[in-house]
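Accompanying notes for the structure given below.
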Amino acid sequence: MSLTEEQKRKIEEEERYRASLRSEVHNYQKPKKKGIGCFNLIGILFLSFVLLIAVSMYRSNGIPPSNTTVIPSPKASKNTDDLVGNVNFDGAQFNMTNQEAIDWEHCWITLNKDYFYPSNAPAQKFNGVKAGETITFSPGEFTKKDGTRFNAFSIKPQGMSMDCDGRFGYWAWN
């Protein structure tokens, strides 16, 4: 049985069509995913971690920016010994005595770790205590950062710390 010319032509067309489909399937490539890859993500996380460490080291060391000049204060105390003094609470007020031969200057006080005098310490400091002098503080002069005043009737004074030009003192009560 022989095929007509028209049948041969249809068979040839079908074969070409199948061949073109085979080549398309053979040459098919999956589309690439959009977004960041695993290696890019790891790189970004690593750089973020390094930057975070650098910023925290900068802040903790107090290194000034390169365009800043640090000039030490001429009044800065070279003495780094602890403050020698006495603090007591008589139920109505705090009495603080400087038992040294030198004045305590530029001071701020912390009571029970969260009440401050002056109230916005350490931004504002008081002049301090002259050598051998005793000064008094009312408990209401000590405030928290939110403005809450110390109430000696409801809160027991437990400890007081003082910073005067980088010298420190700490007094505790039972």
_Given a Förster distance of 45 Å, report the FRET efficiency between SER2 and CYS38 from their Cβ-Cβ distance, rounded to the nearest 0.05._
0.10
*asked:* Highest mean first, how do 106-114, 11-19 rank when packing is the count of other Cβ atoms within 10 Å averaged over residues?
replied: 106-114, 11-19
_Once you place label points 7 Å from the Cα toward the Cβ at ASP82 and SER119, how far apart are they in nm?_
3.2 nm
*How high is the FRET efficiency between THR136 and TRP173 when r is their beta carbon distance and R₀ equals 22 Å, given to the nearest 0.05?*
0.85
*P(r) weight above 15 Å for segment 85-172, C-alpha pairs, percent*: 54 percent
_Pairwise Lys count, segment 85-172 - Cα closer than 23 Å, eight or more residues apart or different chains_ = 8
_Theoretical gain in end-to-end length, ALA19 to ALA54 [0.36 nm per residue, Cα-Cα removed]_ = 6.4 nm
*Grab the beta carbon distance between ARG149 and LEU47, set R0 = 45 Å, and tell me the FRET efficiency rounded to 0.05.*
0.40
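Every number in this text was worked out from the coordinates using simple rules, so none of it is lab data. Predicted model only: the values in this text are computed from it and were never measured. A quick note on method: Cβ atoms are made from the backbone with ideal geometry, for glycine too, and the neighbour counts reach across all protein chains shown.
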